[in-house]
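First the structure, in the form of structure tokens, and then the observations on it.
Derivation of every value follows stated rules applied to the coordinates shown; laboratory data play no part. This structure is a prediction, so every number in the text was calculated from the model and none was measured. Positions of Cβ are backbone-derived with ideal geometry, glycine not excepted, and every protein chain shown enters the neighbour counts.
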Amino acid sequence: MAAAFRFSPLNIGDNTMSDKKCCWKSCAISTLVTFVVLWGLEFLVHGLILANDYKEVAQLYRPQADMCHYMPYMILSFFIMAVAAVWVYDQGKKADKPFLIQGVRFGLAMACLTAVPSAFLYYCLQPIGCALALKQIALGIPEMVILGIVIAKLREKAGAVTTN
């Protein structure tokens, strides 16, 4: 059975040029919004909520002055994650399920792929302390769920994976 889906630039199954332009535009907007929301959530969690916890282990991280030099890499990583998240979401989207349920499901999956293992890895590799790792997990899960819901809402009108 062949799978038909609408995502993106990688989908060559659209029949008309206007469908392709609409798909590109929809994907670009979804990716841009996802990028901004991801950056905002990361700033909220790591830049504000956990800021005092990070100060206690500041010796483990780059000095603040050096961080500005590496900001383009952080921006690139958030952009790559946004592109990948929108694409992966579209691959598993189901037409018969409400966006909220799909967004929560996708967000939980994203948390299992990103926030949870990252916190455990940092805990193993750096002496950040169990409390900080648990806070990263406790905040990372809802962060990814929110991101999943945002992506699901953005992609609600996009075509879903169907099988023939």
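Take every pair of alpha-carbon atoms less than 8 Å apart whose residues are at least six positions apart; their mean separation over the length of the range 87-164 yields a relative contact order of 52 percent. Net charge of the neighbourhood of Lys55, taken over other residues with C-beta under 15 Å away and scored Lys/Arg +1, Asp/Glu -1, is 0. Note on the range 33-164: lysine pairs with Cα distance below 14 Å, sequence gap of 8 or more or different chains, count 6. Ranked by how many other Cβ atoms sit within 10 Å of their own Cβ, fewest first, the residues Asp90, Asp96, Asp53 fall in the order Asp96, Asp53, Asp90.
Taking a sphere under 12 Å around the Cβ of Ala111 and counting the other residues whose Cβ falls inside, with K and R at +1 and D and E at -1, yields a net charge of 0.
On the principal axes of its alpha carbon atoms, the range 33-164 extends 56, 29, 22 Å, with the longest extent given first.
Does the range 25-95 come out rounded, prolate or oblate, given a ≥ b ≥ c as the square roots of the eigenvalues of its C-alpha gyration tensor, rounded meaning a/c under 1.5 and, failing that, prolate meaning a/b above b/c? It comes out prolate by the Cα gyration axes. Taking amide H positions as modeled 1.01 Å from N, with prolines and chain starts lacking one, the residues under 5 Å from Lys93 and 5 or more places away or on another chain are Val161.
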